[in-house]
Structure formats: C-alpha cells, structure tokens
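The values are calculated or read from the model by the stated rules, or taken from the named source; none is laboratory data. Just so it is clear, the model here is predicted, and its values are computed rather than measured. Counting neighbours? That spans all protein chains shown, and the Cβs are built from the backbone with ideal geometry, glycine included.
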Ligand SMILES: Cc1ncc(COP(=O)(O)O)c(C=O)c1O
C-alpha cells in the first residue's frame, strides 16, 4: 500500500519549476520513434572519425607508471595547470599572437565539463531572475534553455550574413537605457564562428566594434561579452578572423569559450574558458559546488593529444571530412530547391561548423507543430525548427519559416537523400498534396 507521503507532490524550487524540457529531447524522441528517419537535426559529431586510436595512445601515455596515479586522482577545481597553460598558448596561436598579448595567464583559464558548463556557470554568477541577456536572433537554443532556468529576460539582436549587426546591438542597448533597464543587462552572448544554428561567422570588422559597444554601455557595472567559439576550429576555407577576445586588451570584458567536443571528442566533455580575471574566482567557487573539478582523466587525455600532435592531426582530418559533407549538403540543396522561389528560399553557405540554415517563403510554417514538420517526418527526414533558436524576446515574433540542417552525423549519401526527402515534403505542402 502506498504511504500517504507518496501522493503528495515535491515542492520543486523556483529554478527547477522554470526549467522546461530542451527541444533536443523532443527531437530525439522523434528519431527514436521513427528509426528509418534521416536526422538532419542531430548536432552530434561525425561518428566514423571519432579519434579511437589517438585516444588509446593517449590513455596509455597518461596511465603509464610516471603519470598514472596522478591521472586517477582528483584534480583542482579550476583544472590542470599544464593543460591550462597549453590552452592559453593554443588560443594565442589561433589568434596569431603571443599569449602575453591577452594580458592573461593560465590562471585566467578555467576547465569545465564542456563549454556548456561554463555558459551555465557564467550565467549563474551574473544573472538574477529578471536580469537581461542579449543574444543574436537566431541563437544557440540550449543556452536559451539555461537562461530560462535562471529567470533571465532575453532580448534578441538581428544578424545578417556577417553575424550580429553592431548597429542593432547598439539600438537594443540604447532602448534599454532609455527604459531605465540598462542596470539589468548582464551578458551579451555571441556565437561568432560558424554559428549554431546559421553557420555564419562574425565579420572581422565587426569584432572590435561589438566589444566597443558593450564597453560603452558598461556604465554602472561591466557587461560580460560571452564569445562562444565552440566551432572555431572546424574551418573549411580561409582561416577565420581573430577572436573578439584578442581585442579585449586588458582581459576585462570577454569570456572566450572553446571545447574539445567539436574538434576532437564530445565523450571527453572538456571545455575551457579564458575569463576576465575578476570572474575566475566566482566561477570557480560555483564550480566547487557543482563538482569541485572536471574529470582529471579526461583532462590528461586532452593534454596528451595536444602534446603528441594527435589533436592537430585529428582536427585537420576532421575538417577535410566535414568540408565534403558541407559541399554535399549545399549541392543537394541547389539541386533539389534551387528553382523553388529563388528570391524567397535561401540558405546559408557556411565556411565551417556543422550547420546550414534554410529560410523558406514566409507562408511556410516549419515549426514543431506545423504541417511541414509532420510531413517531413512522413517523408523520413528530421530537422530542427528554427523557432527553437529565438529567445523569448517580448518585443519580437520568432519567424516560423526557417530550419537548421546539420551535416555532421549523416553520411554523404544520407545527406543527399535527406535533402531530397525534405524538398519532397516542402513541395507537397506547397501544392496541398
Ligand atoms: C554553440 C555551442 N556552444 C556550446 C556547446 C556546448 O558544447 P560542449 O558542452 O560539449 O562543449 C554547443 C554544443 O552543441 C554548441 O553548439
């Protein structure tokens, strides 16, 4: 017999009650319920190329007699010192500068369980319910969920093919200032390399400008600019521009976040952030509450891969593989949809990352409850509805005619077939069949 207490609900915290399911759970369910689906929705990385051999070699190295016990012991909350130094040099190298040019040391670098944990921690230390976080429209939807958990208000800023539009950011900040709300603005979040979901990169000339705007509006308190560079190293053409962080000469305003998940292996779940100096301690204190440090084994493996050169070799091979997949998706879109109202049907042509963003004529509803989504599943293909990628900005209506298509996990054949199925669904909806 059930005890009386079994029938009484738990009183969830306000934070738990604010937390909704991530869209990814809904999409995963569709994929599980329809096993023959080609998923152009999953943001997972290419399966075949996951670095099994380099990881085996790395494990052997980090578990040998000299290092084995250290590797299997707890580490520090901020992360392994040698790895942090190595990552500082790595970021400087990507920016083509000396580490000293960041005006930072390895003690400004924090290792976490993926860059997602850093997004969470930075929000945790800065945002109270009702505070404002500014994101691009569209933006990374998992972070939008995090903002919901913290009770943040979201304001969205327009993007064009060169990334977030500085004048649009300025207009939003100006309006908030006029409304007396500037004191509530805590974070401007920018995913500036091969953005999730559009694949677009912030243009070189906008980088210092965005930072200047954030600095100009940092009057009562400093506003943090989060530079989420998760896809930075997945570049299939010319080198992408230097980071926004490289313009933050006194290491005061920008948190640059990167990860081993996309360029190496998400199974390590190791991310890292070069943070403004005075945010390191608050972040590490919170991390102390979460887990008092990320898995040392995974950190040592990441370090071993960097030291042996396996990391860099893997990134290069991975980029070749993704470039072919990106090309296959763009060619398939051209073949299947190139003649479909060309002015009103558009897609991005990313120079890297994992995503292409498709915009259909406005009459289409590509949302999760729209006719196209069901029809696409009927044809055997899954996409991420673009509506998920717009934060709940009270001043805007999220467009429902867009979708994110990922070329990461599927084979080239599946990409071609997936786009053909999608085009069939689009045409069928359009002709009312
Ligand atoms: C834009 C962006 N930022 C951060 C992350 C978090 O990745 P991780 O926590 O595995 O480093 C992801 C993962 O998909 C992402 O797309």
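The table that follows gives values for the structure above.
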{"quantity": "Test set (1) touching a strand residue (DSSP E or B) at 6+ places or on another chain (Cβ under 7 Å); (2) under 22 Å from residue 49 (Cβ atoms); (3) crowded, with 20+ Cβ neighbours inside 10 Å - residue 274 fails condition number", "calculated": "(2)"}
{"quantity": "Single residue of the stretch 233-262 satisfying the filter (near the ligand (Cβ under 10 Å from one of its atoms) and part of a loop (DSSP other than H, G, I, E, B)) that is farthest from the chain's Cα centre (by Cα)", "calculated": "260"}
{"quantity": "Test: residue in the stretch 117-135 that is within 11 Å of the ligand (Cβ to nearest atom), over 28 Å from residue 400 (Cα atoms) and not in a strand (DSSP E or B)", "calculated": "yes"}
{"quantity": "Options 391, 338, 378: the member that is modelled with pLDDT under 95 and farther than 22 Å from residue 159 by Cβ", "calculated": "378"}
{"quantity": "Residue 69 vs. criteria outside the structural domain of residue 417 (by TED's automatic domain parsing), out of contact with any helix residue (DSSP H, G or I) (no Cβ under 8 Å at 6 or more places or on another chain) and part of a helix (DSSP H, G or I)", "calculated": "yes"}
{"quantity": "Subset tally (residues that are surrounded by 17 or more Cβ atoms within 10 Å (Cβ to Cβ) and touching a residue at least 60 places away in the same chain (Cβ under 8 Å)) for the stretch 399-414", "calculated": "9"}
{"quantity": "Only one of 72, 87, 83 that is more than 29 Å from residue 199 (Cβ to Cβ) and touching a strand residue (DSSP E or B) at 6+ places or on another chain (Cβ under 8 Å)", "calculated": "83"}
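One line per residue, one yes/no per condition, for (1) surrounded by fewer than 15 Cβ atoms within 10 Å (Cβ to Cβ); (2) under 24 Å from the mean Cα position of the chain (by Cα); (3) in the same structural domain as residue 330 (by TED's automatic domain parsing):
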{"site": "24", "(1), (2), (3)": "no, yes, yes"}
{"site": "40", "(1), (2), (3)": "no, yes, yes"}
{"site": "58", "(1), (2), (3)": "no, no, no"}
{"site": "79", "(1), (2), (3)": "no, yes, no"}
{"site": "83", "(1), (2), (3)": "no, yes, no"}
